[in-house]
Amino acid sequence: MTSRLQSRPDAPPSNLRSTVWLLVAVLLVAANLRGGITSLGALLDGLDGLSAGTRSFLTSLPVLCFAVVGATGMTLARRLGVHRDIGVAFGLLVAGLLVRVIGDPWLLLVGTFVACAGIALANVLLPAVVKEGFPNRVGAVTGAYSAIMSLGAAIAAGVTVPIAEAAGSWRVGLGVWALLAALALLAWVPHLRDHGHRRGATTRVSLWREPVAWAVTILFGTQSLFAYVVMSWLPSIYADAGFSHATAGLLLAVSILVGVPVFFLAPSLAIRASSQGHLVAVLTAFLAIGFAGLWVAPVAGAWVWAVLIGIGGAVFPVVLTLFSIRTATTAGTTALSSMGQSIGYLLAAGGPFLVGLLRESTGSWSVPIALLLGIAVVQLFAGYVAGRPVVIGDRAED
């Protein structure tokens, strides 16, 4: 069922202070949603006592955890409410980040799973918090928190190894991120009262028969696949082209960092647009041109391709915005976010593995990049369906 979305009026001035503190808490939460993952990736080659299979499993664990645990987000939100659930999520994140540095390799696996479970829940619930807490500023707040998320990922990837080397222990390099997570948890404590109970956030919303919901889900899946392929394989593509590993890593860092301001702007552009399909198409075109450039001229245009791929990654905050603007209620936003992220991450999980398998079997990057260009076409069409100016899930199920 579709309808027009009715916006609530701006909050009265007396609520300004609580709104500002909620914004601070949201941004602190966002700052923790990737650092626990990229910090582990930065140190993975230097961890002793891990088999090659364990290392490979650790690289796949986050996205698989996002898919499995993310599917529970709607159920938990109906029982506890979105605000309390984020408190639970960050309790898990702090515990997991601590557990993974206290003992044997199996505790590293357990702690990483627990931490990623917390991240998965917060991933699903944060769009609902933004919709409820900032109904007339969804684009600006989504842009801010997605930019902070990306920046946090880049900082954690860049400083974890120097911290570990300065302390003489990889445990310190990983464990320090539990402090930032604990700070976010403390900032969230005043918001544990779940306002969603007053606005129907606990009602059940079914989106399985909504074509737009499936388009949003596919769009989330394709952009996630691109993101994990870039993080996993972009340095290898550059290294195979003749760049040093240091330069290849720098090119990845440039690709991530150049996306930060675009991540901030893209949701506001999405809010202002009558349909978001054109915006997704433009960003997808940047991404496709970047990958095509890597195929035909990886050396001559290396920095240009890294920048274009970074800009194209801004489909991510656009999809986060769609979770809010395609739904009428907090319950609907939570349901669409849960559906989109659980199934979307599941679709994306095999992307890096398949790309690596094709590279290994063919001996070049031509076939993997051709596959990625085909997926870009799928993303373009999904974007036009997901960008239709309708609201879904405004009728709850008992």
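Quick look at the numbers
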| quantity | calculated |
| --- | --- |
| Verdict on residue 162 being touching a Lys or Arg at 6+ places or on another chain (Cβ under 6 Å) and surrounded by fewer than 22 Cβ atoms within 10 Å (Cβ to Cβ) | no |
| Tabulated pairs, region 125-139, first at negative phi, second open to solvent by 10 Å² or more (accessible area, probe 1.4 Å) and among the acidic types (Asp, Glu), C-beta under 6 angstrom, 6+ apart or interchain | 136/10 |
| Unmet criterion (only one of (1) among the β-branched types (Val, Ile, Thr); (2) closer than 20 Å to residue 189 by Cα; (3) crowded, with 23+ Cβ neighbours inside 10 Å) for residue 88 | (3) |
| Single unsatisfied condition, residue 243 versus (1) more than 14 Å from residue 150 (Cα to Cα); (2) under 23 Å from the mean Cα position of the chain (by Cα); (3) buried (at least 18 other Cβ atoms within 10 Å of the Cβ) | (2) |
| Failed item in (1) open to solvent by less than 60 Å² (accessible area, probe 1.4 Å); (2) modelled with pLDDT under 95; (3) under 21 Å from the mean Cα position of the chain (by Cα), with residue 356 passing the rest | (3) |
| Of residues in region 165-174 being open to solvent by 50 Å² or more (accessible area, probe 1.4 Å) and either assigned to a helix (DSSP H, G or I) or in contact with a Phe, Trp or Tyr (Cβ under 9 Å, 6 or more places away or on another chain) (or both), the one nearest to residue 41 (Cα to Cα) | 170 |
| Options 290, 350, 332: the member that is more than 21 Å from residue 238 (Cβ to Cβ) and open to solvent by less than 10 Å² (accessible area, probe 1.4 Å) | 332 |
| Test result for residue 377, more than 25 Å from residue 251 (Cβ to Cβ), open to solvent by 50 Å² or more (accessible area, probe 1.4 Å) and either modelled with pLDDT of 95 or more or touching a helix residue (DSSP H, G or I) at 6+ places or on another chain (Cβ under 6 Å) (or both) | yes |
| Residues satisfying the stated conditions in region 91-110, i.e. buried (at least 21 other Cβ atoms within 10 Å of the Cβ) and at pLDDT below 95 | 100, 108 |
| Helices (runs of 4 or more DSSP H) wholly inside region 50-128 containing at least 1 residues that are closer than 15 Å to residue 40 by Cβ | 52-70, 82-99 |
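Results for (1) among the hydrophobic types (A, V, I, L, M, F, W, C); (2) more than 16 Å from residue 138 (Cβ to Cβ); (3) surrounded by fewer than 22 Cβ atoms within 10 Å (Cβ to Cβ); (4) in contact (Cβ under 8 Å) with a residue 12 or more places away in the chain, shown as yes or no for each residue.
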position: 258; (1), (2), (3), (4): yes, yes, yes, yes
position: 266; (1), (2), (3), (4): yes, no, no, yes
position: 282; (1), (2), (3), (4): yes, yes, yes, no
position: 310; (1), (2), (3), (4): no, yes, no, yes
position: 313; (1), (2), (3), (4): no, yes, no, yes
position: 323; (1), (2), (3), (4): yes, no, no, yes
position: 326; (1), (2), (3), (4): no, no, no, yes
position: 338; (1), (2), (3), (4): no, yes, no, yes
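The values are calculated or read from the model by the stated rules, or taken from the named source; none is laboratory data. Computed from a predicted structure; not experimentally measured. With ideal geometry, Cβ positions are generated from the backbone for all residues, glycine too; neighbour counts draw on all protein chains shown. Ligands, DNA and RNA are excluded from the accessible area calculation, which covers all protein heavy atoms including side chains. Shrake-Rupley method; radii C 1.70, N 1.55, O 1.52, S 1.80 Å.
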